[in-house]
1. Which residues, taken from the range 185-205, are under 27 Å from Glu2 (Cα atoms) and within 13 Å of the ligand (Cβ to nearest atom)?
2. Taking Tyr30 as the residue in question, decide whether it is more than 19 Å from the chain's Cα centre (by Cα) and in contact (Cβ under 8 Å) with a residue 60 or more places away in the chain.
3. How many residues are more than 21 Å from the chain's Cα centre (by Cα), of a type outside the set (Gly, Ala, Ser), crowded, with 17+ Cβ neighbours inside 10 Å and not in a loop (DSSP other than H, G, I, E, B) when one looks only at the range 42-90?
4. Which condition number in (1) away from the ligand (no atom under 16 Å from the Cβ); (2) β-branched (Val, Ile, Thr); (3) in a strand (DSSP E or B) is the one that Ile448 fails?
5. Run down Val263, Val245 and say which single residue is farther than 30 Å from Phe166 by Cα and among the β-branched types (Val, Ile, Thr).
6. It is to be established whether one or more residues within the range 162-173 are buried (at least 24 other Cβ atoms within 10 Å of the Cβ), modelled with pLDDT of 95 or more, of a type in the set (S, T, N, Q) and in a loop (DSSP other than H, G, I, E, B).
7. From (1) assigned to a loop (DSSP other than H, G, I, E, B); (2) surrounded by 20 or more Cβ atoms within 10 Å (Cβ to Cβ), pick out the condition that doesn't hold for Ile29.
8. Output the residues belonging to the range 44-67 that are within 24 Å of Ile213 (Cβ to Cβ) and either out of contact with any helix residue (DSSP H, G or I) (no Cβ under 6 Å at 6 or more places or on another chain) or aromatic (Phe, Trp, Tyr) (or both).
Amino acid sequence: MELHKSTAHELHNLLVEKKISSLEITTSIYERIEKLDKKINSYITLTKESALQKAKGVDKKISKGEEISSLSGIPIAIKDIISTKEIRTTCGSKILSNYIPIYDATVIEKLKKADAVILGKTNMDEFAMGSSTENSAYGVCRNPWNISTIPGGSSGGSAACVAADFAPLSLGSDTGGSIRQPASMCGVVGLKPTYGRVSRYGLVAFASSLDQIGSFTKDVRDTAIILNIIAGHDSMDSTSVPEDVPNYTKHLINNAKNLKIGVPKEYFIKGTSKEVEKTILNSIETFKKLGAEILEISLPHTEYAVAAYYIIAPAEASSNLARYDGVHYGYRTKDEGRGARDGDISAIVDMYERTRDEGFGDEVKRRIMLGTYALSSGYYEAYYLKALKVRTLIKNDFDEAFKKCDVIITPVSPTPAFKIGEKISDPLQMYLSDIFTIPVNLAGLPAISLPCGFSSEGLPIGLQIIGKPFDEGKILQASYTFEQNTEYHLKKPKLN
Ligand code: GLN
């Protein structure tokens, strides 16, 4: 049996039927990682010892006949921006290369309570800034479908490890597309829940008003299963919302009749690859054949989304990243410089500067400078305040559109995975990779990326389905229906 190919729900059934143990599952996945992740570099840190320990514990529970959760004994990978007690958490940065948190993020607590087996921490763009996982202090991550291409980003490691069968599922974070875009490029399912649906406590902050934790899975059923576990109000996160958590697996209904799907004309624009456009139009046809009603809608402020995002996100980042000063966390320069010993007050400023200069990579420095500029006196009104107003207009566009439809369908990314190195020296080109995902974060909405086809070069293409706030259920229903009637999610990259 090729255990590594299985979904979490398939593994769960095998565990319950006692056909396999969690130890066997976990061991076989580590064997695969140890043999093949050299090619991909999807993990920064592996936690094999504690994982095997945990797996044995679950096996004991099963042998005693205890009831187990849907993720008991199931291995999972975690993006290295989510705080894990006693496990190094680097955020893909040199500045946190030696940082070992003393607490678990709420999502990790929940996974531990569900007896999931944590495999390790995955590679990412430094502090989640990027669209390619090339901005990592731990080396570039590669796309399992073609290792000369990027896996997308910033959660590239979490997407690549699921696509490469180095984990049945994983967690990532999405500030402007970092779950959906890599999911699309790696051919897996990626969900960004509604802002406030999943606690951000313990998610290292990039842009707090946009960040959200979500999942990568091999099919839609697993997306529902993990959302059941991680969603819910948390008193430790003041932006988490006290809404009931429905049973998301109940929304896995194979039926598109009565589904009203909006297709925004502003998302079919010059610059999108013909192959991507064709694939999305085909998917819309599929929904039509399945009985959905398709209507054209308009989201008129879409063209301003990227510009607003690149004011708001860097502004928040410049503030959030002030804490990395060589004192509170992680790395400190080895060269403390002039006056450090003779009490010269300027020495401490010198130490901050050297630490931040050596510890942060270029993209992070670029964002800190952009954000500091946009927030500075005289520019605040012209840039930051204006961007916030644009954000409201974008949110209003969606509110208007959702009066007419249940979900909105768009491309995820204008192109399939691009070549490593292709956009790294052109930040503006890189920023445009998120043109279709960023508006969703600005409006705080839930959205999924679903495998919906392949390019002529055999690279995966994803379909974005956007829902109303807290209506992940509808997204799951639409996605499940599409998946049940297509086979894109079954194709696998060839690694060996
Ligand atoms: N690519 C976008 C950025 O660089 C979004 C990243 C993210 O969602 N974390 O900011």
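The values are calculated or read from the model by the stated rules, or taken from the named source; none is laboratory data. Everything numeric here is computed off the predicted structure, so don't read it as measured data. Here the Cβ is made from the backbone with ideal geometry for all residues, glycine too, and neighbour counts use every protein chain on show.
1. Met185, Gly190
2. For Tyr30, the condition - more than 19 Å from the chain's Cα centre (by Cα) and in contact (Cβ under 8 Å) with a residue 60 or more places away in the chain - is met.
3. Counting residues in the range 42-90 that are more than 21 Å from the chain's Cα centre (by Cα), of a type outside the set (Gly, Ala, Ser), crowded, with 17+ Cβ neighbours inside 10 Å and not in a loop (DSSP other than H, G, I, E, B) gives 4.
4. The one condition Ile448 does not meet is (1).
5. Result: Val263 is the single residue among Val263, Val245 that is farther than 30 Å from Phe166 by Cα and among the β-branched types (Val, Ile, Thr).
6. no
7. Of (1) assigned to a loop (DSSP other than H, G, I, E, B); (2) surrounded by 20 or more Cβ atoms within 10 Å (Cβ to Cβ), only one is false for Ile29: (1).
8. Within the range 44-67, Ile44, Thr45, Leu46, Thr47, Ser50, Lys54 qualify.
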